[in-house]
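Report on the following structure.
Since every read-out is calculated from the coordinates, none of them should be taken as a lab result. Predicted model, so just to flag it, every value in this text is computed and none were measured. Heads up, the Cβs are rebuilt from the backbone with ideal geometry, glycines too, and the neighbour counts pull from every protein chain shown.
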Amino acid sequence: MDPRSYAATDKTRDGTFVRIRAIRPDDSGRLADIFTQLSTQTIRACWRDVHVGLLATVWIDGEERIVGLAGYFVDPWSEPRRAEVAFIVLDDWQDRGIGSLLFAHLARIALRLGVDVFYALVSASNGRMIRIFERSGFSGEVEYDGAEAWVTLDLTGTGIVTPPAVAAYL
């Protein structure tokens, strides 16, 4: 499977059809518009070295609009194979299940490409994102450390879940 050509159509909780597809070079202008709406901290934390990137888009008035983006970065030295995952849904499109759809499609790709574990460092106050992980159907854990939460999910069902803070010392 080549994640650069991934594309699927899905439906949000409110019945809106959403296209989940790979980020393409011609998305640069639309992505630049999205990133101007994000803080520098969010951009650095989530989008430094994405190996697989997806967009959620909708068609409005004949124009494709980005409503969410997701990606993961594979830690090349990890065993089992681990990847840091991140996703963002624009404010006007939240609470429709788009984050859950993006996560599910990323997990599908990751499993096909041999990723065993997803992990994320999330603001402890970001209940929406933490709920997506908790309701994903994958076993894992959420560890709170002050204002942050480490989320670790076993994509394979083998029970191999080592929080990234611990894995760094193994």
Quiz item: Do you know the relative contact order of segment 68-149, to the nearest whole percent, from alpha carbon pairs under 8 angstrom that are 6+ apart?
Solution: 28
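Counting other Cβ atoms within 10 Å, which GluC sites (Glu not before Pro) in segment 43-134 have at most 15 and lie in a DSSP loop?
none
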Quiz prompt | ³J(HN,Hα), Karplus 6.51/-1.76/1.60, whole Hz, each residue of segment 58-63, x for Gly, Pro | solution = 10, 9, 10, 6, x, 10
Quiz item: Percentage of Cα-Cα pair distances in segment 59-125 greater than 14 Å, rounded to whole percent?
Solution: 64
Exercise. Could you pull out every residue, at least 5 positions away or on a different chain, whose amide H is within less than 5 Å of the one on residue 18? Hs are placed 1.01 Å off N in the peptide plane, and Pro or chain starts have none.
Key: 10, 11, 12
